[in-house]
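Participant: Here you go, one structure.
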Amino acid sequence: MTILELRGVEASYGQGRVLQGVDLSMQQGECVALLGRNGMGKTTTIRTIMGQLPLLAGSISRFGDSRSHRPSHDIAASGIGLVPEGRQIFSNLSVQENLTAFHRPDQTGQAGWGAESVLALFPRLAERLDHAGSNLSGGEQQMLAIGRALMTNPRLLILDEATEGLAPIIRQQIWQCLAEIRKSGQSILVVDKNIRDLAVIADRFLILEKGQVVWQGEPQTLLDDKAIQHRYLGV
């Protein structure tokens, strides 16, 4: 089942057009990684999917609903959980309050994600339930941002810059948790720069260059092709 499909999507900030015809599709249970240098349209793609930027051209279908002009809250309520760039947790609320505020029952009628399962995934948060978001480390805030998105029991989890700015040991903990989430069958769209870590969880890689998908394929293919990495990722 196709849960997300972008066809010829164009979007801009004011007069500056960023997306120049993005095509992307995802199947239920799939994990897709969106790659590219800074400024190539990765975050803009996510914001357009979430309805935070207007669709100038093309179409977006989310879980079979292809209405063009939907408010962000309606898109989120349809089953998309977003972990935004910069985390954006509620700094004045405790860990417990951040999680509770976002809880939504699983739409399939199954047990789904709740505070207990999220805290089992992120034991560090269980030790800091009464701590305000502002008093958490960067890594703990990222764990909370992921846990908060899971509390909505999303049909699609989107992570923008999943491990940016984190210490190496914390990054590895985040990747291990994402691997566990992936094993549960969760559909995931993830933006990150760490292609070797992404290769462990992703089914496919897509590379954006100047607002267009210029390459897509299996993770191992990209890992083996240093020329493609150098051309589009600068590594």
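Readers should treat all values here as calculations from the given coordinates under stated rules, not as data from a laboratory. Worth saying up front: this structure is predicted, and the values here are computed from it rather than measured. Cβ sites come from the backbone with ideal geometry, for glycine too, and all protein chains shown count toward neighbours.
Participant: For segment 64-152, which chymotrypsin sites (Phe, Trp or Tyr not before Pro) pass both filters: DSSP loop (anything but H, G, I, E, B) and at most 11 other C-beta atoms within 10 Å? If you can, show how the numbers build up before the last one.
Facilitator: On the way: sites: 90, 102, 113; in loops: 90, 102, 113.
In loop regions of segment 64-152 (DSSP not H, G, I, E or B), there are no sparsely surrounded chymotrypsin sites (Phe, Trp or Tyr not before Pro).
Participant: Calculate the FRET efficiency for residue 176 and residue 129 from the Cβ-Cβ distance with a Förster distance of 22 Å, rounded to the nearest 0.05. Could the numbers behind the result be given before it?
Facilitator: Numbers: r = 21 Å, r/R0 = 0.98.
For R0 = 22 Å, the calculated efficiency reads 0.55.
Participant: I need the per residue convex hull volume for segment 115-208, using only the alpha carbons, in cubic angstrom as a whole number.
Facilitator: Numbers: hull volume 9.8 nm³, N = 94.
Taking only Cα atoms, segment 115-208 has a hull volume of 105 Å³ per residue.
Participant: Same structure, new question: What FRET efficiency comes out for residue 107 versus residue 200 if R0 is 25 angstrom and r is the Cβ-Cβ distance? Round to the nearest 0.05.
Facilitator: Numbers: r = 28 Å, r/R0 = 1.13.
FRET efficiency, residue 107 to residue 200: 0.30.
Participant: Could you identify which residue out of 17, 182, 171 has the top mean-square fluctuation in a GNM of the chain using Cα springs shorter than 10 Å?
Facilitator: The residue with the greatest mean-square fluctuation here is 17.
Participant: While we're here: Pick from 213, 191, 200: which is most flexible by mean-square fluctuation in a GNM of the chain where alpha carbon atoms under 10 Å apart are linked?
Facilitator: Greatest mean-square fluctuation among the candidates belongs to 200.
Participant: Between 97, 209, 116, which gets the highest mean-square fluctuation from a Gaussian network model of the chain, Cα cutoff 10 Å?
Facilitator: Comparing 97, 209, 116 in a Gaussian network model of the chain, the most mobile one is 116.
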